[in-house]
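Below is one structure; the comments refer to it alone.
A short reminder: the numbers here are calculations on the coordinates, not readings from a lab. Nothing here was measured: the structure is a model prediction, and the numbers come from that model. Positions of Cβ are backbone-derived with ideal geometry, glycine not excepted, and every protein chain shown enters the neighbour counts.
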Amino acid sequence: MKTWGTFNMAMQLSWTLLFSLVIPLLGGIWLDNRAGTAPLFTLVGAVLGILAATVGVARVAIRMFSQVSSEQPDQEEGETAEEEPE
């Protein structure tokens, strides 16, 4: 089951990156073609896409890390998973 969790995380990250980067970039290219202001809106779209992708990837990573940490058993501070010999 761990393999599917990894696969799902990879798919979420790839879709997040794809839509966060491509949509603003294509919008900037389209606006530049319509207004004849190349490369102004393309650069603005690229910067917005990079910012959106960074936020999106951070959100996915935080969500995944919180799920992983909630699945692990809680340990007291200073305790280790190994038992000490008596």
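Numbers for the structure displayed
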quantity	calculated
Leading residue by the ranking (farthest from the chain's Cα centre (by Cα)) among those in the stretch 10-30 that are surrounded by fewer than 17 Cβ atoms within 10 Å (Cβ to Cβ) and more than 29 Å from residue 62 (Cα to Cα)	30
Residue within the stretch 41-52 that is hydroxyl-bearing (Ser, Thr, Tyr) and exposed (fewer than 14 other Cβ atoms within 10 Å of the Cβ) present	no
Inter-residue pairs, beta-carbon under 9 Å, first outside any loop (DSSP other than H, G, I, E, B) and in the stretch 34-51, second among the acidic types (Asp, Glu), 6+ apart	40/32; 41/32; 42/32; 45/32
